[in-house]
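This report concerns only the one structure given below.
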Amino acid sequence: MDDSYEAENSAAHGWVSGHAGGDMNSAAKVEFTIGELARDFGVTLRALRFYENKGLLSPQREGLSRLYSQGDRTRLALILKGKKLGFTLGEIRQMIAAEEGEADASTLALSREKCLEQIELLERQKADLEEGLSELFRIYSSLSGKTPAERPAR
């Protein structure tokens, strides 16, 4: 039996660990209003409607009200984590499919490849930020007459 699918599948499930947003009482609820979800995750109502329009969330409608399920809540956590890590909505959609067991091996491989690309991008950005901070501290030191050892705490 090929264990690579199971390993990839378990890895896909790991990307959401460290669930963002909400408290223990919210996690125990079955349905959430758009306002509750927005408040719990620190996003706007417009953002939630945008994700719904893109097919990433699918709340139930009760008249004009939207009622989000626990699954929508989990998907929103995945969306926000994916955005924080710099993935596009299309890539996030694939990762959600993998998380929900709806992805095939090629999608999982693509997700792994995209993760490596994103790691490289973030490492380059980190190096650029560190270089920029060093330069700003050098300029600050020269303007204030302080030595680099006396620079302000981060």
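Only the coordinates and a few stated rules stand behind these numbers; no lab work does. Treat the numbers as computed from the prediction; the structure is a model and nothing was measured. For neighbour counting, all protein chains shown are included, and Cβ atoms are generated from backbone atoms with ideal geometry for every residue, glycine included.
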> Separation between the Glu131 and Glu31 pseudo-spin-labels, each 7 Å from Cα along Cα→Cβ, expressed in nm?
Replying inline: 5.4 nm
>> Just to be sure I understand the model, the point goes 7 Å from the Cα along the line to the Cβ. What's the resulting Gln60 to Ile119 distance in nm?
In response: 4.1 nm
> With labels modelled as points extended 7 Å from the Cα through the Cβ direction, what inter-label distance (nm, one decimal) is found for Gln70 paired with Leu45?
Replying inline: 2.7 nm
